[in-house]
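Notes for the one structure printed next.
The values are calculated or read from the model by the stated rules, or taken from the named source; none is laboratory data. Just so we're clear, the structure is a prediction, and the values are computed from it rather than from any experiment. Note that we place each Cβ from the backbone using ideal geometry, even for glycine, and neighbour counts take in every protein chain shown.
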Amino acid sequence: MREPVDQRVRILLDKAFRVVPGGEYNEVRRQLVSDPEKPGMVCEAVVPDGGWEKLKEAVYPAQCRYLKVKGVDPANPGDTVVALFHEDSFHLVRGGDFITAFLEIEGIDPATFRNILSGWLDPDKAVLGSKIELLA
């Protein structure tokens with residue numbers, strides 16, 4: 001029997017504009033990235049066991065670093081899609097909603113998020129006063 005989903009994780013998953021069964025994901029992803037009018041970028045992550053705390057430690061920093069490498073502002077990822085694999089489906093969340101969910105769940109403002117983000121992008125920087133303790 002599966003454990004119930006952490007309510008904070010549920011807030012993030014509920015931001016999905018579409019939920020795709022795992023077996024259909026590759027075709028949907030292909031359509032998203034090959035749209036001739038507006039090709040998109042899709043980032044993928046697995047929602048780990050362990051609730052929100054584990055997800056925020058494992059998924060958010062890695063996704064933000066990936067966006068930065070791809071030339072996308074991680075604090076404002078626009079129409080980038082984050083495909084979150086949970087149970088048997090992919091939850092497709094727009095990049096902006098992915099960040100908004102973090103702000104809502106953590107109860108922080110965009111300036112505080114940028115401070116946290118700077119620690120993720122450069123772990124040698126100390127982030128003082130944030131609600132998240134970063135370990136270098």
Quiz item: What residue, of Glu53, Glu57, is surrounded by fewer than 17 Cβ atoms within 10 Å (Cβ to Cβ), in contact with a helix residue (DSSP H, G or I) (Cβ under 9 Å, 6 or more places away or on another chain) and closer than 26 Å to Gln7 by Cβ?
Solution: Glu53
Exercise. Return the only residue of Glu133, Glu87 being exposed (fewer than 14 other Cβ atoms within 10 Å of the Cβ), at pLDDT below 95, out of contact with any helix residue (DSSP H, G or I) (no Cβ under 7 Å at 6 or more places or on another chain) and within 20 Å of Arg29 (Cα to Cα).
Key: Glu87
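Within the range 27-46, can you find the residues that are touching a residue at least 12 places away in the same chain (Cβ under 8 Å) and farther than 17 Å from Thr100 by Cβ? Before the answer, list the steps.
In the first step, residues of the range 27-46 are kept if they are touching a residue at least 12 places away in the same chain (Cβ under 8 Å); the result is 28-29, 32, 38, 40-46.
Within the range 27-46, Val28, Arg29, Leu32, Lys38, Gly40, Met41, Val42, Glu44, Val46 meet the criteria.
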Exercise. Could you pull out every one of the strands (runs of 3 or more DSSP E) wholly within the range 1-97 that has 3 or more residues that are within 22 Å of Trp120 (Cα to Cα)?
Key: 42-46, 81-86
